[in-house]
Amino acid sequence: MDLEFSAAEDAFRAEARAWLAAHVPAERLPSLETAEGFAAHRCWERELHDGGWSVVSWPREYGGRGATLTEWLIFEEEYYAAGAPGRVSQNGISLLAPTLFAHGSQEQRARVLPPMASGETIWAQAWSEPEAGSDLASLRSYGERTTREGGGWLVSGQKTWSSRAAFADRAFGLFRTDPALERHRGLSYLMFPLDAEGVTVRPIGRLDGKPAFAEIFLDRVFVPDADVIGEAGQGWRAAMSTAGNERGLTLRSPGRFTAAADRLTRLWRERGALGDTATGARVADAWIRARAYQLAGYAAASVGTGMRTEGGTGGGAGASPFVSSMNKVFWSELDIDLHETALDLLGPGADEITDEVAEDIAEDIAEKIAKEATDEVADGDSVVPSASAWLDGWIFAQAGPIYAGTNEIQRDIVAERVLGLPRGR
Ligand SMILES: Cc1cc2nc3c(=O)[nH]c(=O)nc-3n(C[C@H](O)[C@H](O)[C@H](O)COP(=O)(O)OP(=O)(O)OC[C@H]3O[C@@H](n4cnc5c(N)ncnc54)[C@H](O)[C@@H]3O)c2cc1C
């Protein structure tokens, strides 16, 4: 096996690194979970797009640069290592876009993808309902057929736990369009504007007080046939493709974890107590697991199967969904362990320790940590002082085993479908 990068890949990395060094904001952006931060991150998406870096693996006609899966992995490493802002467009570029590449029409791709790539349209995922989370197929929101404007659906119901829906422009979701059929059938995958007539978006209060998480109420919202992904009634199949991307490499790429493991290693060098081999072993363990994830990504890229990426190139549409279940358990548990180790290194009062840490260590290193800590909270990006980004990251990591399908469910899938164990339900 050849583990060397090609000259073209090295050049790609150098170009990405140089661009990021010149463009990543020196000041940390306000949290993308606030109105101000959401707008600032949207501007950053535009800047990435103008530089040709917002969706590297997409075909050029949609705003990408036709990068290979290996190049996409390289870009992600550089992105996180540079401490670049969290991706406010992640629901669109990581979840909806690959679904459109696999199941959408040419017309939908041409209409939806370019404004997604530039950050002009930011998407929310409207799947979960109060009574349908793990058991998504039990969802009750529904669409009634209408002949209005050439044909479409009038959609009603309630969606919940929709990340950043309070500020997003459009949403994609699953709706029951044929109640007579078995529950996995008769579901349709629809796109709709969040400011459409009949839509009410209500922020859900979070412990941290940030207002972007929301529930969505729909009252006979018109969705034209042009905004049905795949065939009406075939939504489950397309939804499983979205879920594969959410759990696979796409949403939480290896680069995010290799960058965090490198920061943890530096933190250990600065703060680790002499002789504390137990913590040292945890740091090494986190680094090994991040490296293993990185190598698994490159292995998937080199054999061309992949666990799907944001775009159409090298995404491996035929990759087993069970692989992504294993992947999701792996990255979400690594994220928790990595942050827990960092908090143990920082010691009691890690959330208040920023100034102390900054005084303790040489100024240049403090600045580096401050800058590099920013992407720890890609989703829950926050304006709290930099060293406590580890704490923010830890809090956000707690949600990892829940979103994108809980880890209990992923383990069930692996037990039943990979290991052939008896069904638990
Ligand atoms: C930070 C965050 C962001 C999110 N963003 C979005 C979003 O943008 N859009 C969206 O649609 N949803 C989103 N969600 C919702 C998420 O998808 C659901 O929380 C998740 O699917 C679990 O559903 P639930 O909360 O209804 O829990 P439940 O399904 O009620 O599960 C409760 C518990 O029971 C366990 N359980 C349930 N069934 C089984 C079983 N058969 N076997 C073993 N254990 C079982 C679960 O693992 C869990 O521990 C988000 C959630 C979080 C935490």
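FYI, it's all coordinate maths here, none of it is from the lab. Bear in mind that the values here come from a model prediction, so they are computed numbers and not experimental data. Reconstructed Cβ throughout: ideal geometry from the backbone, glycine too, with neighbour counts over all protein chains shown.
Details
- Distance from the Cα centroid of the stretch 58-108 to that of the stretch 204-247 is 19 Å (rounded to whole angstrom).
- Angle between the chain longest axis and helix 35-51 axis [Cα atoms, degrees, rounded to 10]: 90 degrees
- The Rg/Rh ratio for the chain is 0.97, where Rg is the radius of gyration of the alpha carbons and Rh is the Kirkwood radius.
- Per-peptide packing, taken as the mean over residues of other Cβ atoms within 10 Å, places 116-123, 271-278 in the sequence 116-123, 271-278 from highest down.
- Compared with the dominant principal axis of the Cα atoms in the chain, helix 235-247 is inclined by about 0°.
- P(r) weight above 21 Å for the stretch 74-191, C-alpha pairs, percent: 48 percent
- Per-selection Rg to Rh, the stretch 146-205 - Cα, Kirkwood hydrodynamic radius: 0.99
- Using every pair of separate Cα atoms, the Kirkwood estimate puts the hydrodynamic radius of the stretch 68-124 at 12.4 angstrom.
- Cβ-based charge dipole, the chain, positive-most Cα from G133, L338, L267: G133
- With bins 10 Å wide beginning at 0, the percent of Cα pairs of the stretch 1-156 falling in each bin runs 10, 30, 31, 20, 8, 2.
- Volume of the convex hull of the stretch 1-82 (Cα atoms only), normalised per residue: 105 Å³.
- Choice from A110, A300, A290 with maximal GNM fluctuation in the chain (Cα, 10 Å cutoff): A110
- Straightening the chain between A415 and A110 buys 105.8 nm, computed as 0.36 nm per residue apart minus the Cα-Cα spacing.
- With a cut-off of 10 Å between beta carbons, the residues surrounding S128 carry a summed charge of -2, where Lys and Arg count +1 and Asp and Glu -1.
- Three semi-axes of the equivalent ellipsoid, the stretch 106-150, Cα gyration tensor, whole Å, largest first: 27, 19, 9
- Average projection, convex hull of the Cα set of the stretch 5-51: 4.0 square nanometres.
- Helix 277-303 and the longest principal axis of the Cα set of the chain meet at an angle near 50°.
- Put a plus charge on the Cβ of each Lys and Arg, a minus charge on the Cβ of each Asp and Glu, and nothing anywhere else: the dipole of the chain about its Cα centre is then about 1620 debye.
- Peptides 395-408, 181-194, 70-83 ordered by average Cβ neighbours within 10 Å, highest first: 70-83, 181-194, 395-408
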